[in-house]
Each structure stands twice: as structure tokens, then as C-alpha cells.
Amino acid sequence: MIEDVEPVITFQNVSKRFVFSKERPRSVWHTLLSSFSRHQDEERDLWAVRDVSFTVEPGQCFGIVGRNGSGKSTALKLIARILRPSDGRIIVRGRVSALLELGAGFHPDLSGRENIYLNASLLGLDEATTDARFDDIVAFSELGEYIEMPVKHYSSGMYMRLGFSVAIHMQPDILIVDEILAVGDQAFQTKCLDAILQMRQNGVTIIMVSHNLNVMRTLCTHMLWLDKGRMRALGPVEDVAAEYQAYAYEQEAPASSTAVAATPGSTGVDITAVRFLDAQGEANHVFLTGEPMTIEMQYVAHRPVENPEFGLAIFRQDGVHVNGPNTKLAGLDLGRLHGPGVVRYHIERLPLLPARYEVTTAVHDGQTHFCYAYHQRAYTFRVVPGGADEMDGLIAMPATWTYATEKQMAPPQLTDATAPVVTAVEIERV
């Protein structure tokens with residue numbers, strides 16, 4: 001009979017309240033003024049977390065998402081026992097190593113070496129154990145000789161390197177990581193993510209907060225969505241991430257799909273409007289992965305222009321350049337343009353995964369490359385969940401999965417007794 005494994009973290013109707021009181025008068029004069037004031041600041045409560053309940057199983061990677069001020073960091077500090085709940089009950093089983101803020105737990109006047117031993121002692125490790133792990137901590141942090149420098153002279157990236165290295169080398173049962181991974185260079189961020197994946201494989205329970213949903217999808221198995229301190233959704237990471245993304249898209253008003261050239265008529269060709277069309281030819285700004293989409297550029301050629309080059313560039317919201325097609329690369333000869341017209345870029349199956357995208361449009365002279373019109377990231381559209389099974393990365397690849405057993409993969413082995421006899425005539429016919 002298999003015994004039930006107890007959760008390592010349990011929140012039971014947990015609430016955390018911060019009380020803000022009005023400022024006390026500093027003199028008799030201030031007392032008189034406040035007594036006649038119509039707007040007196042009364043005590044008010046801020047519920048950073050309100051009636052939150054969830055459990056985290058051993059070895060789980062559990063993510064918490066939400067907008068700024070939703071209570072994510074407060075929840076982490078409650079788990080780390082930095083804060084005590086105002087109401088409810090919290091149960092945490094195991095040693096906790098937390099990386100919540102830059103320099104948290106560091107003494108600015110102590111060197112990196114001394115802070116390593118200080119942090120280790122706070123986690124209950126003796127000097128011999130810290131000695132055994134010291135070289136690995138320094139090697140991972142890549143600080144080298146700077147380990148002997150007082151940490152008050154460290155940059156934010158150096159703080160993050162040392163703090164993360166100490167946290168993961170303390171061999172915790174539970175690792176708590178806040179948005180701090182956004183600090184530092186890309187190479188070290190990748191190194192940190194690899195370390196977290198390795199810890200997850202080793203059975204360490206990980207609780208993390210990040211605004212990067214791609215990272216959360218990669219690392220986490222379950223997710224909690226907090227909104228103004230209250231639970232909005234809880235469950236498998238893909239379900240909660242898709243719901244959170246859809247909500248975030250709804251909160252942002254759609255950007256205008258029309259822009260006018262700065263000085264109409266002065267450059268030869270102006271882009272007067274840009275629209276995103278759905279399968280029915282209707283203007284839209286929200287699409288599903290896999291749906292048809294057409295980018296329509298309306299123009300006016302104020303004088304005869306010979307075979308101009310229309311182009312566009314699509315960027316994801318984080319600045320990643322997706323592609324940059326144009327009519328010249330497509331081999332499209334527009335001939336001589338004069339007057340109003342329309343150029344359309346048809347996408348049969350939109351491969352982009354959920355995100356917000358920005359579009360740059362431009363018109364150039366086909367021979368001299370003189371720029372008639374250039375609208376940099378002036379138009380936006382969104383791709384929302386629901387159009388593809390693949391929900392991670394940049395694009396949905398048109399591909400299929402197949403499988404074969406070991407016997408199916410290996411070619412049949414023929415014995416001498418069963419091997420067919422091939423004659424010269426049969427060989428010629430083959």
C-alpha cells in the first residue's frame with residue numbers, strides 16, 4: 001500500500017493585511033490645521049493577499065502570475081516566513097532557500113566571501129559544509145577575484161549572480177525565486193534556468209514568480225493566478241497561462257489601424273491606412289494561430305511612380321523580428337502606379353503563437369531605394385490562445401508526430417533458408 005505524500009506547502013484561507021495610519025501631527029500648529037481639514041486621512045487596510053488556499057506537492061515547480069501589485073511577492077514572503085499571515089494557516093515542510101530581492105540577506109560592508117558564510121549560517125549550515133561548497137558557489141557566480149570585494153561595490157548583475165549561486169548551492173528542499181532572474185545578461189539567465197531545471201529533476205520543490213510566461217511554461221507544472229490579492233485561477237500551467245493571457249489581452253484597448261503620412265503628397269507615394277483582415281475580409285485586430293490573415297496597405301501615388309517596392313516587418317512585443325517580406329522579394333511587378341490603390345499581403349495560415357505584434361510598413365523606389373513612406377511599428381494586432389495545440393515559442397510549425405517500435409525500426413533479418421533466390425532476369429526487371 002502506497003502512503004499518501006503530504007504537501008510541502010499548504011495555504012489555508014491565508015490573508016495578509018497591511019495597515020496604513022494617518023500621519024500624526026508634528027506640532028500644535030499641525031494639530032490645529034488637521035482639525036480644520038476637510039480631507040483627513042483615516043486608517044485604511046491594504047489586503048495584499050486575501051483568502052488564498054492552495055497546496056504544492058513535493059518536487060513540483062509551482063508558478064505564481066499576476067499584474068504588479070497582485071500579491072505575488074507577498075505570497076512568496078509568507079512562504080519564506082519573512083511575513084506572518086494576518087489570517088489563515090501556512091504549513092511549510094523542509095528547508096527553504098529564497099531569492100526574493102537583490103542583496104537580500106547580504107551585509108553591504110562584508111565581502112562576497114563573508115556573505116556566503118553569513119547566508120549559509122542563517123540557513124543552518126555549519127562551517128565545514130560551507131567550506132565544501134564554497135568553490136562551487138564562486139565558480140557558478142563567475143565573480144572570480146571580486147569575491148573578496150565588499151558587496152556594496154557590486155553591480156546589480158553581480159548581486160544577482162552571487163545571490164542565486166548561494167541559493168541553489170545550499171541544497172534546499174524548497175527554492176523560492178522572484179522576478180530577480182530578469183536581471184543580468186542572457187547567458188547567465190540561461191545558466192540559471194538550466195540550474196533550476198536540474199534542481200527540479202533532483203526533486204527540489206520550486207516556487208517562482210515571473211512575468212515571462214514562456215519561462216513559466218518551460219519550468220512550471222502548475223500555476224496560481226492572483227488578481228488584487230485574490231485567487232483568479234489555479235491548475236495546470238497551460239490552462240492558467242492561457243486564461244491569464246486572454247484576460248491581459250482584453251484589458252488593453254486595440255491600437256488604431258490607421259496612420260497618415262507626415263506630409264501627404266510630398267513624397268510620391270503615401271501609405272494612407274493599414275488594416276488586418278480576417279477570413280471574411282473584415283477588419284480585425286485579434287486572430288487565432290492557424291487562421292488566415294491579410295495585411296492590407298492602402299496607398300495614394302500622387303504622381304506616376306514606376307514599380308515601387310512595398311514592404312513590411314513584423315515584430316513580437318518583446319522586439320523579436322519575426323519576418324520582413326516585400327513585393328520585390330516576392331517577384332511582384334506593380335507596374336506604373338498613379339492614384340489610390342491597395343497592396344495586400346495574404347497569410348494562408350498564421351503561424352504566430354499568442355502575443356502582441358507590431359508592424360512596420362514602408363514604400364521604396366524600386367531602383368534607387370529612396371523611401372517614400374515609412375511607418376515604424378505603427379500598427380498592432382494580437383494572436384490569442386485557441387488556434388493551435390502548440391503553445392510555447394514563436395511559431396506553430398506545420399509538422400506531424402510518428403512513432404515506431406524497435407522491431408518496426410529494424411529491417412527484417414533473413415536467414416539463408418528463407419532468403420529469396422533472385423535471378424538475373426528479375427534483377428534486370430527491377
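Values quoted throughout were computed directly from the atomic coordinates according to the rules given, and no laboratory measurement underlies them. Bear in mind that the values here come from a model prediction, so they are computed numbers and not experimental data. Here the Cβ is made from the backbone with ideal geometry for all residues, glycine too, and neighbour counts use every protein chain on show.
If I stretch the segment between residue 221 and residue 53 completely, what's the gain in nm (0.36 nm per residue apart, minus their alpha carbon distance), one decimal?
On the way: separation 168, 0.36 × 168 = 60.48 nm, distance 1.76 nm.
Contour length minus Cα-Cα distance gives 58.7 nm.
Give, as ranges by residue number, the residues of the stretch 63-102 whose backbone N falls under 11 Å from the point 7 Å along Cα→Cβ of residue 211.
Residues 66-69 qualify, since their backbone N sits under 11 Å from the label point.
Quick check for you: which residues of the stretch 191-205 have the amide N under 18 Å from the point 7 Å beyond the Cα of residue 93 toward its beta carbon?
203-205
What number comes out for the charge environment of residue 271, summing +1 per Lys or Arg and -1 per Asp or Glu over other residues with Cβ under 14 Å away? All intermediate terms of the calculation are to be shown ahead of the outcome.
On the way: positive: 275, 344, 377; negative: 270, 296, 309.
After counting each charged neighbour, the total is 0.
Report, in cubic angstrom per residue, the convex hull volume of the C-alpha atoms of the stretch 269-384.
Working: hull volume 11.3 nm³, N = 116.
Normalising the Cα hull of the stretch 269-384 by residue number yields 97 Å³.
What ranking do 73-85, 393-405 get when scored by the average of other Cβ atoms within 10 Å per residue, highest first?
Numbers: 73-85: 18.9, 393-405: 8.8.
Highest mean packing first, the order is 73-85, 393-405.
Tally Lys/Arg at +1 and Asp/Glu at -1 over every other residue whose Cβ is under 14 Å from the Cβ of residue 68; what's the total?
0
Could you please report the charge total around residue 169, scoring K, R as +1 and D, E as -1 over all other residues with beta-carbon less than 11 angstrom from its beta-carbon? Walk me through the intermediate numbers first.
On the way: positive: 133; negative: 135, 136.
Overall, the nearby charge balance is -1.
Give me Rg/Rg_expected for the stretch 125-250, where Rg uses Cα atoms only and Rg_expected = 2.2 N^0.38 Å with N residues.
Cα-based Rg divided by the globular estimate yields 1.22.
Could you tell me how many cubic angstrom of Cα convex hull volume the stretch 88-162 has per residue?
Values: hull volume 8.0 nm³, N = 75.
Roughly 106 Å³ of hull volume per residue.
May I ask you to compute the full-extension gain from residue 173 to residue 145, defined as 0.36 nm times their residue separation minus their alpha-carbon distance, rounded to one decimal in nm?
Numbers: separation 28, 0.36 × 28 = 10.08 nm, distance 3.04 nm.
Stretched out fully, the residue 173 to residue 145 stretch lengthens by 7.0 nm.
If I model a spin label at residue 365 and residue 280 as a point 7 Å from the Cα along the Cα→Cβ vector, what separation in nanometres do I get?
Placing both labels 7 Å beyond Cα along the Cβ direction yields 4.4 nm.
Compute the FRET efficiency between residue 394 and residue 329 as 1/(1 + (r/R0)^6), taking r as their Cβ-Cβ distance and R0 = 30 Å, and round to the nearest 0.05.
After rounding to 0.05, the efficiency reads 0.90.
Looking at the stretch 271-332, which GluC sites (Glu not before Pro) are in a loop (DSSP not H, G, I, E or B) and have at most 13 other Cβ atoms within 10 Å?
Details: sites: 282, 296, 306, 309; in loops: 282.
Sites meeting the loop and neighbour criteria: 282.
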